[in-house]
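The values are calculated or read from the model by the stated rules, or taken from the named source; none is laboratory data. A quick note: this is a predicted structure, and the numbers were derived from the prediction, not measured. Cβ atoms come from the backbone with ideal geometry, glycine included; neighbour counts cover every protein chain shown. Only protein heavy atoms, including side chains, enter the accessible area calculation; ligands, DNA and RNA are left aside. Shrake-Rupley method; radii C 1.70, N 1.55, O 1.52, S 1.80 Å.
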2 protein chains.
Amino acid sequence: MGFDPVAWDTEGTKRRILEAAASEFARYGPDGTTIERIATTAGANKERVYNYFGGKRDLFRRVLRDELATVAQAVPVESFAAVDVGDYAGRVYDYHRERPELNRLMRWEGLAFDGEVPDEALRREYYAAKSAAVSDAQRRGAVTTSIDADHLIFLVLSLAGWWSAVPQVARMFTGEPTEEEHARRRAAVVEAARRVARAP
Amino acid sequence: MGFDPVAWDTEGTKRRILEAAASEFARYGPDGTTIERIATTAGANKERVYNYFGGKRDLFRRVLRDELATVAQAVPVESFAAVDVGDYAGRVYDYHRERPELNRLMRWEGLAFDGEVPDEALRREYYAAKSAAVSDAQRRGAVTTSIDADHLIFLVLSLAGWWSAVPQVARMFTGEPTEEEHARRRAAVVEAARRVARAP
DNA sequence: GTCAAATCCAACCACAACGTTGGAGATGGT
DNA sequence: ACCATCTCCAACGTTGTGGTTGGATTTGAC
């Protein structure tokens with residue numbers, strides 16, 4: 001099944017396995033995903049998966065970690081004194097839309113692994129930076145102080161994230177997510193985020 | 001294993017199976033749940049489950065439908081001209097907290113069954129009633145018109161629901177959900193919902 | 001050209017879960 | 001007291017998946 005006419009391409013194989021794993025895990029979750037399917041999708045076989053990465057759980061964690069590293073770069077965080085909260089929420093909405101994997105992986109994680117979180121320190125740091133971006137803006141009077149910084153940023157993320165958490169409910173509320181509907185949703189998210197953060 | 005000293009208690013068995021199924025499905029999801037475990041938890045055996053309800057999927061749908069019927073009564077919908085949007089959001093947050101099953105089931109549904117939704121007509125009607133409660137308030141000037149009614153109500157539900165969708169993220173943002181922290185989260189949700197809906 | 005090390009593959013084991021089935025036990029009418 | 005009917009249970013067949021292992025193939029150094 002491998003297309004390696006001349007040499008071993010172990011790095012490439014690893015990468016393809018990770019890509020396939022991200023896709024499969026996001027789609028079917030930790031339980032619904034089979035190593036077999038990941039392997040064939042990646043043009044390899046099970047043994048390679050077990051050999052390169054450990055068992056299924058290890059692979060899931062690895063995929064989630066990579067995905068988190070990606071988003072950290074994709075939607076950077078500054079102070080919300082300089083960046084409008086609404087625009088930021090809109091960008092987060094866009095990101096969820098064009099790369100639904102992370103959102104789905106996190107939700108699988110929330111449902112299946114409830115307590116335990118891999119790379120907790122790293123992630124905590126990432127989230128703390130976002131909170132800091134809010135409190136900075138609060139100190140400068142650009143954002144309301146009637147909601148704690150960490151609660152506020154989380155709520156803003158809620159506005160952008162719930163749509164893909166329960167897409168079936170979203171559809172029943174607002175109709176099929178056509179391109180236009182997506183634009184409407186995005187506009188609503190932006191407006192709502194601004195309203196939540198607005199200074200008095 | 002059955003505790004029926006005198007007569008067959010088929011209704012009771014059905015009920016116990018449904019209760020066990022709700023708990024198991026909410027906890028482990030459609031894939032992680034085993035019929036065996038449902039049966040033993042309910043003090044019955046597999047064959048009863050298959051006989052009373054169909055396969056696993058049928059049972060899942062049944063459980064979800066029952067849960068939806070319950071919530072429809074628990075958090076009734078009126079016009080948001082009479083009821084404060086913040087209070088309503090707080091009640092929804094409370095409901096998610098004290099009965100996490102529905103939220104989890106909906107999220108499993110969103111992840112595992114993506115497209116297909118059982119009892120779509122019923123649910124659509126339920127959601128439409130909520131949207132109507134918003135548009136009524138908008139007509140009366142009690143709620144902003146700068147966000148569509150259906151988007152607005154969905155966003156309010158986001159504020160209350162995202163906490164349990166990604167509990168691990170919530171924890172990393174705002175710390176362990178002690179009783180106090182829950183109170184803070186609830187207050188933030190209430191305040192944010194009011195801000196989103198506030199009329200000019 | 002040779003050989004040790006690394007990569008890849010196919011077949012295999014164990015086991016858990018779905019769904020079924022044949023029969024045992026209880027019930028209520030006649 | 002008997003029988004049709006419903007309820008219950010234990011055991012089974014089948015399938016699919018996680019994870020392993022032994023060996024074939026390729027590579028690069030010497």
Scan the stretch B:1-21 for residues that are at pLDDT below 85, farther than 14 Å from B:Lys46 by Cβ and not small (Gly, Ala, Ser) and report the count. 8
Tally, over the stretch B:150-178, of residues that are under 21 Å from the mean Cα position of the chain (by Cα) and over 25 Å from B:Trp108 (Cα atoms): 0
Residues (within 11 Å of DNA strand C (Cβ to nearest atom) and open to solvent by less than 60 Å² (accessible area, probe 1.4 Å)) located in the stretch B:30-52: B:Pro30, B:Gly32, B:Thr33, B:Thr34, B:Ile35, B:Ile38, B:Ala39, B:Val49
Could you tell me which numbered condition B:Gly12 fails, if it satisfies all but one of (1) open to solvent by 80 Å² or more (accessible area, probe 1.4 Å); (2) within 16 Å of DNA strand D (Cβ to nearest atom)? (1)
List pairs: first in the stretch B:33-58 and at positive phi and in the same structural domain as B:Ser23 (by TED's automatic domain parsing), second in a helix (DSSP H, G or I) and more than 9 Å from DNA strand C (Cβ to nearest atom), Cβ under 8 Å, 6+ apart or cross-chain? B:Gly43/B:Thr13; B:Gly43/B:Arg16
Of the residues in the stretch A:153-200, those that are among the hydroxyl-bearing types (Ser, Thr, Tyr) and more than 7 Å from chain B (Cβ to nearest Cβ) come to A:Ser164, A:Thr178
So in the stretch A:16-46, with the set limited to residues that are within 19 Å of A:Trp108 (Cβ to Cβ), more than 14 Å from chain B (Cβ to nearest Cβ) and among the hydrophobic types (A, V, I, L, M, F, W, C), which one is farthest from the chain's Cα centre (by Cα)? A:Ile35
Look through the stretch A:22-67, keep the residues that are more than 8 Å from DNA strand D (Cβ to nearest atom) and hydroxyl-bearing (Ser, Thr, Tyr), and return whichever of them is farthest from B:Val169 (Cα to Cα). A:Thr40
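Quick grid of which residues meet (1) without any contact (Cβ under 8 Å) to a residue 12 or more places away in the chain; (2) more than 23 Å from B:Ala89 (Cα to Cα):
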position: A:Leu122; (1), (2): no, yes
position: A:Glu125; (1), (2): yes, yes
position: A:Ala129; (1), (2): no, yes
position: A:Ala133; (1), (2): no, yes
position: A:Ala142; (1), (2): no, yes
position: A:Ile147; (1), (2): no, no
position: A:Ile153; (1), (2): no, no
position: A:Trp162; (1), (2): yes, no
position: A:Pro167; (1), (2): yes, no
